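Written below as structure tokens is the structure these notes are about.
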Amino acid sequence: MRPLFQLGPRLALCASLVREGSLFCDVGTDHAYLPIWLLKMGKISRALACDVNPGPLEAARRDGARYEVGEELSFRLSDGLRQVSPQEAEDIAIAGMGGELILRIIEETPWLRNEGKRLILQPMSSVPELREGLKELGFAVLKEEAAQEGTKVYSAFAVQYTGAPVETGRLYPYLGKLRPGAPHVEAYAQKVLRELTSQRKGALHVGDEERAQRLGQWIQMVEQEYIKA
């Protein structure tokens, strides 16, 4: 039998947020590394790998055969969750996509508005917009952690529908539920600071003093709460 690969830090973080024994669905699966690893480690017993493109889905099938996961892993051509039924998935990972695309998939899938479902999200861009959009839709972030892979730092979070207003702090769009001092969180906060500083420069350039002042306050808050002296 072929030795099992090791997940990189980004996907390993996503794997850590999946509940034991859940019916798992991986949206935008690419090579299906995440469901294959979860199955081979015994954390889950069944998984569905979805992708919008036939090429990656075929690569996922080859990897499923290579690592001998058998019928426990199913494959489906699907744009987001459009071809997936509520009975097929309890924990749904949407990783490695832009935040706006992730939000679109969630918005167009009504059956995710169920407290029994859990979303594991790992956005590559538009992260504040995703966090704010989730809040507006009634989804709460249960847990969020950061991971560093090479020179890049990522955030992944487990999300559940509550239907009730979600309480958040002023830094929530930028740092979500990341805890100061937790692994790689300072590196993530440094990335946020670079983005906020760039936005502040842009606001000053166009003469938007009010926005520049607000961004300056957020920069100061991030520095005080997340950056070690």
### Query
How about segment 200-210: which of its residues are part of a helix (DSSP H, G or I) and either of a type in the set (Ser, Thr, Tyr) or open to solvent by 70 Å² or more (accessible area, probe 1.4 Å) (or both)?
Arg200, Lys201, Leu204, His205, Glu209, Glu210
### Tally of residues being surrounded by 18 or more Cβ atoms within 10 Å (Cβ to Cβ) and either touching a Gly at 6+ places or on another chain (Cβ under 7 Å) or assigned to a strand (DSSP E or B) (or both) across segment 131-159
15
### Task
Determine which single condition Gly42 fails, assuming it passes every other condition in (1) under 19 Å from the mean Cα position of the chain (by Cα); (2) more than 26 Å from Tyr188 (Cβ to Cβ); (3) open to solvent by 10 Å² or more (accessible area, probe 1.4 Å).
(1)
### Query
If only one of Thr197, Thr168 is more than 21 Å from Ala93 (Cα to Cα), part of a helix (DSSP H, G or I) and among the hydroxyl-bearing types (Ser, Thr, Tyr), which one is it?
Thr197
#### Entry: Members of segment 161-180 found to be hydrophobic (A, V, I, L, M, F, W, C) and open to solvent by less than 30 Å² (accessible area, probe 1.4 Å), listed by number
Val166, Leu171, Leu175, Leu178
### Message
Which pairs turn up if I take residues in segment 182-200 that are within 16 Å of Met124 (Cα to Cα) and look for partners that are polar (S, T, N, Q) and buried (at least 19 other Cβ atoms within 10 Å of the Cβ) with beta carbon separation below 7 Å, at least 6 apart in sequence or on another chain?
### Response
Tyr188/Ser155
### Task
From Leu171, Leu204, Leu178, Leu215, grab the single residue that is within 22 Å of Lys135 (Cα to Cα) and over 24 Å from the mean Cα position of the chain (by Cα).
Leu215
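The values are calculated or read from the model by the stated rules, or taken from the named source; none is laboratory data. Quantities reported herein were computed from a predicted structural model and do not represent experimental measurements. No Cβ is skipped: glycine too gets one built from the backbone with ideal geometry, and neighbour counts run over all protein chains shown. Areas reflect the complete protein model, heavy atoms only, side chains present, ligands, DNA and RNA absent. Shrake-Rupley method; radii C 1.70, N 1.55, O 1.52, S 1.80 Å.
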